[in-house]
Amino acid sequence: EIYAPIANRLGMGEMRGELEDSAFANAYQKEYGAVKTLLEKIIHKKERLIEQTIKQAKIDMEENGIRFVDVDGRIKRLYSLYKQLQRYDPDISKIYDVIAVRSIVSNVSDCYAVLGLIHKHWKPLPGRIKDYIALPKPNGYQSIHTTVFCIDKQIVEFQIRTLEMHRESEMG
C-alpha cells in the first residue's frame, strides 16, 4: 500500500509489479493461488497464438522496412489481473490484456507506422486504441495500446513503444 504506489508514481513499473505480486502472495494466499492457476491455463491456451502473432508482426515490420528492437509477449502481473477480475465479476473474457504482444521500435514515427501495419493486418476492436505517446499518463508512461481481432478471430492486445519508453516504463 505504500511502496508499490510510490514505484508506480516514479514510473518504475517492474518494481511496482514485483512489490505487488510479492505482497499479494503473502497477504492473500488463497486468492493468489486461484489467480495463478487461472493465468497458467490461459497462457497454455494462448501460447501458440502469441507465437504466431509475434512471427507475423515481425514479418510485417521487416517487409515494410521498420527496424524493431524487439517483439515479444508479455503476461499480465498476478496482482494486476486479480484487481481486474474484481472489477469484472470474475469474467476473464472481459480482460483483453492478460497476454499482450509488445513491439519495441527505434523511434516515435515507427510506433505509429507499426500501429498502421497492425490495423492493416488485423481488425481493431472499436474504442480500444489508447495513445499514451501523444497523451502520456501522469507518471510519464508512454506507449500505444491497441486491441485487435487476431488469428482465428482471437483478441490480442499490442503495446507499441520505443526502447527509451520501455526502459522508462520498466525502471523509471
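The values are calculated or read from the model by the stated rules, or taken from the named source; none is laboratory data. Note that the structure is a prediction, hence the values are computed from the model and not measured. Heads up, the Cβs are rebuilt from the backbone with ideal geometry, glycines too, and the neighbour counts pull from every protein chain shown. The accessibility values were calculated without ligands, DNA or RNA, using every heavy atom of the protein model including side chains. Shrake-Rupley method; radii C 1.70, N 1.55, O 1.52, S 1.80 Å.
Summary value for segment 67-144: 29 percent relative contact order, contacts being C-alpha pairs under 8 angstrom separated by 6+ residues.
The heavy atoms of ILE129 offer some 90 square angstrom of accessible surface to a 1.4 angstrom probe. Going by a ≥ b ≥ c, the root eigenvalues of the Cα gyration tensor, does segment 55-124 fall in the rounded group (a/c under 1.5), the prolate group (a/b larger than b/c) or the oblate group? Prolate. The 3J(HN,Hα) values that the Karplus relation (6.51, -1.76, 1.60; θ = phi - 60°) gives for segment 53-63 are, in residue order, 5, 4, 4, 5, 4, 5, 4, 4, 5, 4, 5 Hz. Gly and Pro appear as x. Between HIS44 and GLU18, the simple label model (points 7 Å from Cα in the Cβ direction) yields a spacing of 2.9 nm.
Of the trypsin sites (Lys or Arg not before Pro) in segment 82-169, not one is in a loop by DSSP (not H, G, I, E or B) with at most 16 other beta carbons within 10 Å. Computed over the Cα atoms of segment 21-89, pair by distinct pair, the Kirkwood hydrodynamic radius stands at 14.2 angstrom. Applying the Karplus relation 6.51 cos²θ - 1.76 cosθ + 1.60 with θ = phi - 60° to segment 111-119 yields 3J(HN,Hα) values of 4, 6, 5, 5, 4, x, 5, 4, 6 Hz, where x marks Gly and Pro. Please say if segment 82-166 is rounded, prolate or oblate, where rounded means a/c under 1.5 for a ≥ b ≥ c the square roots of the C-alpha gyration tensor eigenvalues, and otherwise the choice is prolate for a/b larger than b/c and oblate otherwise? Verdict is oblate for segment 82-166. Packing order of peptides 26-34, 42-50, highest average first: 42-50, 26-34 (average count of other Cβ atoms within 10 Å over each peptide's residues).
With all pairs of different C-alpha atoms in the average, the Kirkwood value for the hydrodynamic radius of the chain is 16.8 Å.
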